[in-house]
Amino acid sequence: MKVTKFGGSSLANPEQIRKVKAIVESDSDRQVVVVSAPGKDDYIKQKVTDLLLAIAGENTKISYLNAVTMLQDRFMQICRAFNLSDLEKSILSEIDLLSEEPRDFIASRGEYWNAQIMAQVLGLPFFDAKNFISLKENNKPQLDLNKTASLLQELKGKRFVFPGFYGDFKGQIATFSRGGSDLTGSILAFALNAELYENWTDVNGLYYASPKIVTNPKTIPSLTYKELRELTYMGFEAFHDEAMFPLIKGRIPVRIKNTNNPDSPGTLISEHPGASETSISGIAAKPGFAYVEIEKYLMNSEKGFGMRVLKVFSDLGLSYEHAPSGIDNIAVILDGNNGFADKKEELTRRLTNELNPDYIGFQDNLALIAVVGRGMRSTPGIMSRISTTLAKNRINIELINQGPSETNVVLGIAEEDYQQGVRAIYDEFVLNTKGEDRK
Ligand code: ASP
């Protein structure tokens, strides 16, 4: 049995909904259908959730009246296309009363109404997430995975449609953070022990590199959970942050698929997807980092030096990303936007007093490129190919960090060069695979 989740772009208008119906009906294993609220398309510029948030007073870019009119129009259009006149009436009257309700209740209605529409379109029962998805207090309301999994047992073996994005918190509707329908789908896949979690969207899968940097990047055929984690940490847009956790716990494979191109195989993410097709599985990159370089002669023979360096950063509330070191120096790489700029003076004072270094230097405007791939482990010469490629493009590598798993190399590069760097690595490893994997 498969849990099949459709994102907002897959359900943005009647034409998309027809595609979704054909997809669900083409495979009898697609038993559980999780839906987002209708999203954007080429003509409709606002997601339903954004309109709802305008009604809740949270999205000030759209006036209350415009939001109500746009919402009414969208649900009328969809309901009329599928002859759902009773549902249309009830949704329109609920829209009229919405502004009196709490924020999360309002925000959740896009999924709530859309799941009812899809249930009727598909001729399947609708189950409300408020009765099954339970949130608990943990600084902020957060998924209670155990309680939710036990509540969902009641739905085992059934075919149904289920709204994403929200659940129950102490008797009230509470939403996850934006994009949270991914999480709902993954909880259902975990609790019902699905053989596959399908996540349908509007792209053929995950790309080897961001399409904002590389033109028409190729789609990654398969990834491990770990590779995906490394790539999303460095800015890959794949899933809602928390959605991978239940899947990893239940070892449920995920396939990202394209509603507009269902025959394309998509990207499979699982624990052991087999050998990778190329020695790298993805290139993620992010600007906005900075580093502090600390140098001291015979540093490596001084016990606890690294620990004391990192303690200074932690005392000042600065968390670090990486700390590559040489024999007499260490670089501490930080997110440059986390208040680091205001703490430089205090950092210098504390590091000087406590470590008596020979040199302290600050470097801003650093970008990090993460080259990730399980295939790197068994292939010698990857690092040399990366550095030769960058050298050919006159790009200097300021720092390098490779973790012990050998599936991830992080390169520190000047911000002005990083996009060119990503393109060069992509061309070398993904586009021109001629010299690739002579295994
Ligand atoms: N509709 C919600 C949003 O736009 C949740 C989701 O689509 O996953 O963020």
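Some observations on this one:
- Residue within segment 158-179 that is open to solvent by 10 Å² or more (accessible area, probe 1.4 Å), under 14 Å from the mean Cα position of the chain (by Cα) and within 30 Å of Tyr426 (Cβ to Cβ) present: yes
- Selected residue (only one of Ser28, Ser10, Ser90, Ser85 is at pLDDT 95 or above and surrounded by 23 or more Cβ atoms within 10 Å (Cβ to Cβ)): Ser10
- Residue pairs whose Cβ atoms lie under 8 Å apart, separated by 6 or more positions or on different chains, with the first residue in segment 47-66 and touching a residue at least 24 places away in the same chain (Cβ under 8 Å) and in a helix (DSSP H, G or I) and the second within 14 Å of the ligand (Cβ to nearest atom) and open to solvent by 90 Å² or more (accessible area, probe 1.4 Å), are Thr49/Arg178.
- Flag if Thr69 is of a type outside the set (A, V, I, L, M, F, W, C), assigned to a helix (DSSP H, G or I), away from the ligand (no atom under 13 Å from the Cβ) and open to solvent by 40 Å² or more (accessible area, probe 1.4 Å): yes
- Residue check, Leu318 over 21 Å from the mean Cα position of the chain (by Cα), crowded, with 16+ Cβ neighbours inside 10 Å and either at pLDDT below 95 or in a strand (DSSP E or B) (or both): yes
- Residue within segment 117-127 that is among the polar types (S, T, N, Q) and modelled with pLDDT of 95 or more present: yes
- Residue count, segment 12-38 (criterion: out of contact with any strand residue (DSSP E or B) (no Cβ under 9 Å at 6 or more places or on another chain) and assigned to a loop (DSSP other than H, G, I, E, B)): 5
- Residues satisfying the stated conditions in segment 277-315, i.e. aliphatic (A, V, I, L, M) and open to solvent by 20 Å² or more (accessible area, probe 1.4 Å): Ala285, Leu298, Met307, Leu310
- Strands (runs of 3 or more DSSP E) enclosed by segment 166-275 - at least 1 residues per element that are without any contact (Cβ under 8 Å) to a residue 60 or more places away in the chain and touching a Lys or Arg at 6+ places or on another chain (Cβ under 7 Å): 166-169, 267-270
- Criterion: out of contact with any Cys (no Cβ under 8 Å at 6 or more places or on another chain), within 15 Å of Gly180 (Cα to Cα) and among the aliphatic types (A, V, I, L, M) - qualifying residue of Ala54, Ala12, Ala37: Ala37
- One residue from Leu347, Leu355, Leu318 being in contact (Cβ under 8 Å) with a residue 24 or more places away in the chain, over 25 Å from Ile413 (Cα atoms) and among the aliphatic types (A, V, I, L, M): Leu355
- Subset of segment 219-255 (residues that are β-branched (Val, Ile, Thr) and open to solvent by 10 Å² or more (accessible area, probe 1.4 Å)): Thr219, Thr224, Thr232, Ile248
- For segment 57-66, a residue qualifies if it is within 13 Å of the ligand (Cβ to nearest atom) and open to solvent by less than 40 Å² (accessible area, probe 1.4 Å), and exactly one does: Asn59.
- Scanning segment 172-196 for residues that are within 18 Å of Ser270 (Cα to Cα) and within 14 Å of the ligand (Cβ to nearest atom) yields Asp182, Leu183, Gly185, Ser186, Ile187, Leu188.
The values are calculated or read from the model by the stated rules, or taken from the named source; none is laboratory data. Everything numeric in this text was worked out from a predicted model, so none of it was measured. Cβ coordinates were reconstructed from backbone atoms using ideal geometry, including for glycine residues, and neighbour counts include every protein chain displayed. What goes into the accessible areas is simple: the full protein's heavy atoms, side chains included, and nothing from ligands, DNA or RNA. Shrake-Rupley method; radii C 1.70, N 1.55, O 1.52, S 1.80 Å.
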